[in-house]
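The values are calculated or read from the model by the stated rules, or taken from the named source; none is laboratory data. None of the values given here were measured: they were computed from a predicted structure. FYI the Cβ positions are ideal-geometry reconstructions off the backbone, even for glycines, and counts take in every protein chain you see. Heads up: the accessible areas ignore ligands, DNA and RNA and are worked out on the full protein's heavy atoms, side chains in. Shrake-Rupley method; radii C 1.70, N 1.55, O 1.52, S 1.80 Å.
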Amino acid sequence: MKQINYNYRLFGRSKGRGKNNKISNLAKEIELKKINPLKYNVIDIGSGYGESTIELGRRYKEKIFIACEKYIDGINNIAKKNKDELLNNIFIFQGNVNQLFDEYCTNNSISEVWVLFPDPWPKKRHLKRRLINTIFFNKLKKILKKNSIIHITSDSKLYISEILKYIYEIKNDFLWLNQNKQEWNYSNLDLPKTKYYKKALKNGLKPFYVKLLKL
């Protein structure tokens, strides 16, 4: 794997509690080397164990999927499932997504972005660690192609409120497509049902889904 640039901080655990804390050879084989802007490139940010990446890669084999994840167990799991299902459209980037944006993504090179259940960092002292903010959207504005789609989901009411505030601030560059109650409900939609989606339901939470169009 490409060495992580530690100018881009990574929060939370990168390794599991088991003995296997190394990137597998399978994962190294599908490490992201570069992005071809002529392709339909999709970034799955915080892909976890890869439920969303694998399901989307299976559904849309004509698209390129880049799983951006720091957790080694998750990365290895994506690589194994990728091989088991004989997919050839999935690549892995281990590290901070801002590093991916800055070092790999040229202007107008990305066609779609998924951010499913980003860490809400609920403690007040950790709020600055939240992924979605003005800086995030300004970077997306540069790297996304015209009419690109952004999918965002969270089960944290406070984080959802903050995300909606940012969406209002960027309304000149991004159009909020699903502005009705039925289309906010993640459970009603044909979207990947990840580990964190199931955890949200178990805890009595209602995942809120936002779909944006880059103008």
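Values as computed for the structure displayed
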read-out: Single condition GLY74 does not satisfy, out of (1) part of a helix (DSSP H, G or I); (2) modelled with pLDDT of 95 or more; value: (2)
read-out: Single residue of SER111, SER187, SER154 found to be out of contact with any Asp or Glu (no Cβ under 7 Å at 6 or more places or on another chain), farther than 22 Å from PHE208 by Cβ and open to solvent by less than 70 Å² (accessible area, probe 1.4 Å); value: SER111
read-out: First in region 17-30 and assigned to a helix (DSSP H, G or I), second anywhere and modelled with pLDDT under 85 and surrounded by 13 or more Cβ atoms within 10 Å (Cβ to Cβ), Cβ under 7 Å, 6 or more apart; value: LYS28/MET1
read-out: Filter result (surrounded by fewer than 19 Cβ atoms within 10 Å (Cβ to Cβ), of a type outside the set (Asp, Glu) and on the phi < 0 side of the Ramachandran plot) within region 52-88; value: ARG58, ARG59, TYR60, LYS61, LYS63, LYS80, LYS83, LEU87, ASN88
read-out: Within region 165-176, tally of residues that are part of a helix (DSSP H, G or I) and touching a residue at least 24 places away in the same chain (Cβ under 8 Å); value: 3
read-out: Condition met for TYR159 (in contact with a Phe, Trp or Tyr (Cβ under 6 Å, 6 or more places away or on another chain), touching a residue at least 12 places away in the same chain (Cβ under 8 Å) and surrounded by 18 or more Cβ atoms within 10 Å (Cβ to Cβ)); value: no
read-out: Top-ranked residue of region 194-210 - restricted to ones that are in contact (Cβ under 8 Å) with a residue 24 or more places away in the chain and either open to solvent by less than 70 Å² (accessible area, probe 1.4 Å) or among the hydrophobic types (A, V, I, L, M, F, W, C) (or both), ranked as nearest to ASP173 (Cα to Cα); value: VAL210
read-out: Counted residues, region 97-134 - those being modelled with pLDDT of 90 or more, closer than 25 Å to PRO207 by Cβ and part of a loop (DSSP other than H, G, I, E, B); value: 5
read-out: Whichever residue in region 40-74 is charged (D, E, K, R) and in contact (Cβ under 8 Å) with a residue 60 or more places away in the chain and, among such residues, is nearest to ILE150 (Cα to Cα); value: ASP44
